[in-house]
1. Using mean Cβ contacts within 10 Å as the protection proxy, how do 11-24, 33-46 order, highest first?
2. Let me spell out the model: positive unit charges on the Cβ of Lys and Arg, negative unit charges on the Cβ of Asp and Glu, origin at the Cα centre of the chain. What dipole size does that give, in debye rounded to 20?
3. Just the number please: accessible area per residue for the range 32-162, 1.4 Å probe, all protein chains included, in Å².
4. Once phi is turned into θ = phi - 60°, what whole-Hz ³J(HN,Hα) does the Karplus curve with 6.51, -1.76 and 1.60 give for every residue of the range 87-95, x standing for Gly and Pro?
5. Round to the nearest 0.05 the FRET efficiency obtained for Asn44 and Phe67 when R0 = 25 Å and r is the Cβ-Cβ distance.
6. Just to confirm the number: angle between the C-alpha axis of helix 47-73 and the first principal axis of the chain, 0 to 90 degrees, nearest 10?
7. If you take percent of Cα pairs over 20 Å apart from the coordinates, which of [x] 47; [y] 53; [z] 64 do you get?
8. Divide by every residue of the chain the summed helix terms, -39500 (n - 2.57) for each DSSP H run of at least 4, and state the resulting mean residue ellipticity at 222 nm, rounded to the nearest 500 deg cm²/dmol.
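The values are calculated or read from the model by the stated rules, or taken from the named source; none is laboratory data. Bear in mind the structure is a predicted one, so any value in this text is a computation, not a measurement. With ideal geometry, Cβ positions are generated from the backbone for all residues, glycine too; neighbour counts draw on all protein chains shown. Accessible surface areas use protein heavy atoms only, side chains included; no ligands, DNA or RNA. Shrake-Rupley method; radii C 1.70, N 1.55, O 1.52, S 1.80 Å.
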Amino acid sequence: MLLAAVKNRDYAEYVASRLFVVDQLPFPASSIPTLRALHDAKRNLSDEDIIQADRHDRLMLDNMLNFFAMLAQRESSANAVGHFDFAYDWWRPVLLLVGQLQSERAQSSAAIQQYCKNKHILAILADLDKIYQHAPLTSAAAVWHYVKNHPKIIDFGLDPRF
């Protein structure tokens, strides 16, 4: 799912919109070929089955974000990080991509600002960056520079529309 967000900007915008209860975008039909190409299990699914599978994938993303949010808020997290591999360095560039889109969406929507008070991905990642000792990314330009130049994102095939 997150790899599809790298390869298909429409899908990334959709995922970011679904992190809010209002102003959600509809599922982008343009992402179906990308999802099929990335996941063998989705290759022969109908369009409707792909949409259902996507709902499941987004639930898993919610669970992962909740875990990272919990990890970011625990004083003992630095100790836990030293003992377990949470693969944060793998998740970070893609989550930054979705998080930046989430932030931009929130800034442009009065409805989101009024009705949505959940912690944004970028705030969670800023807390995790402290634990993992990553240099802070303090502006949208810095986030986009990091994402667009990250070797793994380049390897994944970043949608040129970013």
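1. Numbers: 11-24: 19.4, 33-46: 13.9.
Listed from highest to lowest mean packing, they are 11-24, 33-46.
2. Numbers: 17 positive and 18 negative charges, 41 e Å.
Charge dipole of the chain: 200 debye, to the nearest 20.
3. Numbers: 7680 Å² over 131 residues.
So the range 32-162 comes to 59 Å² accessible per residue, rounded to a whole number.
4. Those phi angles translate into 6, 4, 4, 6, 6, 3, x, 6, 5 Hz.
5. Numbers: r = 32 Å, r/R0 = 1.26.
FRET efficiency, Asn44 to Phe67: 0.20.
6. 0 degrees
7. Comparing each candidate, only [y] matches the computed number.
8. Numbers: 10 runs with 110 residues, N = 162.
When only DSSP H runs of four or more count, the value is -20500 deg cm²/dmol.
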